[in-house]
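Structure first, then comments.
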Amino acid sequence: MKQFNKQATSLLLAAGMGLAATAAWSADNLADVLKARGLSQQDLLAAAKTYVPTGKRDEFVAFSSGGQSGQVIVYSIPSMRILKYIGVFTPEPWQGYGFDESSKKVLAQGRIDGKDITWGDTHHPAISETNGEYDGQFLFINDKANPRLAVIDLRDFETKQIVVNPIFKSEHGGAFVTTNTEYVIEAAQYPAPLENKKFYPLEEMNEKYRGGVTYWKFDRKEGRIVTKDSFSLELPPYWQDLSDAGKGASEGWSFTNSFCSERYVGGIEKGRPPYEAGCSAKDTDYLHVINWKKAAEVVKAGKAKKINGHDVISIETAVKEGLLYLIPEPKSPHGVDVTPDGKHIVVAGKLDTHVSVYSFEKIQAAIKAGKFESKDAYGIPVIGMKDALHTQVSLGLGPLHTQYDSKACVAYTSLYVDSQVAKWNYCEGKVLDKISVHYNIGHLMTMEGDSTKPAGKYLVALNKLSIDRFVPVGPLQPQSHQLIDISGDKMQLLYDMPLPLGEPHYVVAIDAKKLKPAVRYKVGTDSRTDKPHPGAVRAGEEKIVRKGNKVEVFGTLIRSHITPETIDVEVGDEVTINLTNLERAQDETHGFTVSTYNVHASVEPGKTVAVKFKADKEGVYPYYCTEFCSALHLEMMGYMLVKPK
Ligand code: CUK
Ligand code: CUA
């Protein structure tokens, strides 16, 4: 603390003296500003640690789940400046996502049972990894409500693919990637019949309802998930929760928590206790320990069954092949987080004050020796808790999630009920420090903190409540992200950022230098397929082609002109307008819309986009560029003339 005050004071003095020497205005004197704004030396130090002056850039880039918005929010650290929203499961007008033809096709991949689903409940983003380290190439995120997974390419920060889980009805334990992004993992949440073809009453949960884990095969070269090479493991109707992939020592394995292994059938209307009571009756639930590498071989050997056209390893096969084990874990846990070296698996208690640190070595020894304390109701071998535990540490009320530091053995765990972050040593099992956060922290995140090489430095607390932190904006308040300095022995709170788009369950942050985003597309690219767009034309080749009642425009955009300038159609015509942005200059995006036809395109340099609609009403419709791109931006327009038939 002494050291800290000395630093702050010298900073204050240095800055104050510099200003005093050049400016006579009292308002420009640092000491006066501090006084006028009621700021302390500690505030000044926090500001100096987070302020990024104009022209300078942040050190880390964070990808936050957008929660109920179904989007991803990108911000940078330590300034906490928001850089971008990425439309994922939800239309996003600025990017034309859901308003142009190519992006509509991406959203349509997320149709379920023939229904368009244009919202999502995003929970867990995951950055692609090489050798367990973030490589900055791709981002994955799950949708809990409508079990889906999305692939975002970090060359252009665009959503490229949505896959629908063929057997789950909700999923939560994902997205987490294996060490070289061979697979993207997601686990079910609320059990349901896997086929989903037939009704079964809740009373038949034990027999007919199932959970599971899906391993989506990722083709890095194509940047897409290959559904036919993906598979799932059937699991009992224990309500699976968070998962993590093994790494280092535990590479080839994955871990999935559960709650409600009671398989409780509600509820009050049937004279039984409600779910929250019935699901917490037992003292322990099960950690699922899965050998996914071996599971992939079992699928290759043809031992999986097909459910809805998807390879599923039955519980019976998984047990026979030695793929699946259970370990008791204290009552209704939440997060499971593998340590950077892969040797330990940390399970946070939620309804128990402890974090339980399991040893992968001990788990393997028990498996090798065939030392199991019992089998569960589905015949899965159960390893004794004592035979697998390294240590247990009582941290406080409501431990939820754990992240790691660059310092050996140092972990941070969120305490939801206590509204605190606990810093602790998982090797020796002791608490090192605690800091209060405002309020009810869910996840927390350290820089690259779930990789094999955490970068340390900063921690972000993702708080569920922000009461009294920001200017009130009505009953629905923003979430809050609090930036904490973890470089010293004591944690220091630096900054509060409101996050106004949804509940950002989880965030991942990567060293900004690892990201290599493009500045423009190769001319004529369809950004959603990464392939040449069939509607692309070069300057001078613009044309309008009419076939029956189909009118197709092949146009271009360049400052400050839309070619063609007029489009003549007849009522009832189906109109497709392809537009290629011919700009070479960086950041010279043009937008495009046609009055009242609910279409919008964002056309970045090199991109080709198509919008499509039926010209169903006679009249005069201006179209124009929606980005203020030059002094003649307002002149960048044209007319669509819809004549009567
Ligand atoms: S969950 Cu939200 S606080 Cu979906 Cu990872 Cu724990
Ligand atoms: Cu192009 Cu405005």
Inside segment 193-209, can you point out the residues that are free of Cβ contacts under 8 Å to residues at least 60 places away in the same chain and either of a type in the set (D, E) or surrounded by 12 or more Cβ atoms within 10 Å (Cβ to Cβ) (or both)? P193, Y200, E204, E207, K208, Y209
Tell me whether segment 443-463 contains one or more residues that are farther than 29 Å from A175 by Cβ and not acidic (D, E). no
Just give me the residues in segment 314-364 being part of a strand (DSSP E or B), of a type in the set (D, E) and farther than 12 Å from L389 by Cβ, in sequence order. D337
Taking segment 211-244 only, how many residues are in contact with a Gly (Cβ under 9 Å, 6 or more places away or on another chain) and closer than 15 Å to N142 by Cβ? 9
Going by the conditions given, is E222 part of a loop (DSSP other than H, G, I, E, B), surrounded by fewer than 21 Cβ atoms within 10 Å (Cβ to Cβ), under 21 Å from the mean Cα position of the chain (by Cα) and charged (D, E, K, R)? yes
Please list, ordered by first then second residue, the pairs with beta carbon atoms under 7 Å, 6 or more apart or interchain, first in segment 161-183 and of a type in the set (F, W, Y), second surrounded by fewer than 20 Cβ atoms within 10 Å (Cβ to Cβ). Y183/K217
Tally of residues being outside any loop (DSSP other than H, G, I, E, B) and either among the aliphatic types (A, V, I, L, M) or crowded, with 17+ Cβ neighbours inside 10 Å (or both) across segment 365-386: 7
Restricting segment 235-257 to residues that are closer than 16 Å to I313 by Cβ and touching a helix residue (DSSP H, G or I) at 6+ places or on another chain (Cβ under 6 Å), the one surrounded by the fewest Cβ atoms within 10 Å (Cβ to Cβ) turns out to be G252
I need the full set of residues from segment 114-152 which are farther than 20 Å from K513 by Cα, touching a residue at least 24 places away in the same chain (Cβ under 8 Å) and assigned to a loop (DSSP other than H, G, I, E, B), in order please. I117, T118, W119, G120, D121, K144, A145, N146, P147
Looking at D526, D496 in this structure, which one is buried (at least 17 other Cβ atoms within 10 Å of the Cβ) and touching a Gly at 6+ places or on another chain (Cβ under 9 Å)? D526
Strands (runs of 3 or more DSSP E) wholly inside segment 484-588 that include at least 3 residues being over 30 Å from A46 (Cβ atoms), at pLDDT 95 or above and over 33 Å from the mean Cα position of the chain (by Cα): 543-547, 550-558, 561-563, 566-570, 573-581
Being of a type in the set (A, V, I, L, M), away from ligand 2 (no atom under 12 Å from the Cβ) and surrounded by fewer than 16 Cβ atoms within 10 Å (Cβ to Cβ) is the requirement here; does V620 meet it? yes
Looking at D311, D376, D341, can you tell me which residue is in contact with a helix residue (DSSP H, G or I) (Cβ under 8 Å, 6 or more places away or on another chain), closer than 25 Å to L194 by Cα and of a type in the set (D, E)? D311
Taking segment 273-289 as the region of interest, how many residues are under 17 Å from G335 (Cβ atoms) and among the hydrophobic types (A, V, I, L, M, F, W, C)? 2
Top-ranked residue in segment 93-120 [being charged (D, E, K, R) and surrounded by fewer than 22 Cβ atoms within 10 Å (Cβ to Cβ); ranked as farthest from ligand 1 (Cβ to nearest atom)]: E101
Regarding G136, is this residue farther than 24 Å from G98 by Cβ and among the small types (G, A, S)? yes
Please determine whether any residue of segment 385-403 is among the small types (G, A, S), out of contact with any strand residue (DSSP E or B) (no Cβ under 6 Å at 6 or more places or on another chain) and more than 16 Å from ligand 2 (Cβ to nearest atom). no
Test: residue in segment 416-435 that is under 25 Å from T256 (Cβ atoms), of a type outside the set (A, V, I, L, M, F, W, C) and within 16 Å of ligand 1 (Cβ to nearest atom): yes
Looking only at residues in segment 539-586 that are exposed (fewer than 14 other Cβ atoms within 10 Å of the Cβ), touching a residue at least 24 places away in the same chain (Cβ under 8 Å) and not basic (K, R), which one is nearest to M637 (Cα to Cα)? E565
V72 vs. criteria touching a Lys or Arg at 6+ places or on another chain (Cβ under 9 Å), under 17 Å from F138 (Cα atoms) and surrounded by 14 or more Cβ atoms within 10 Å (Cβ to Cβ): yes
Those residues that are surrounded by 18 or more Cβ atoms within 10 Å (Cβ to Cβ) and farther than 15 Å from F157 by Cα, I need them from segment 80-89; list them, please. M80
Given the options K300, K293, K331, K305, name the one that is under 27 Å from P454 (Cα atoms), surrounded by fewer than 23 Cβ atoms within 10 Å (Cβ to Cβ) and not aromatic (F, W, Y). K293
Here the residues within segment 236-278 that are within 16 Å of ligand 1 (Cβ to nearest atom) and assigned to a loop (DSSP other than H, G, I, E, B) are C260
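The values are calculated or read from the model by the stated rules, or taken from the named source; none is laboratory data. Keep in mind that this is a model prediction, so the values were computed, not measured. Note that each Cβ is placed from the backbone with ideal geometry, even for glycine, and that neighbours are counted across all protein chains shown.
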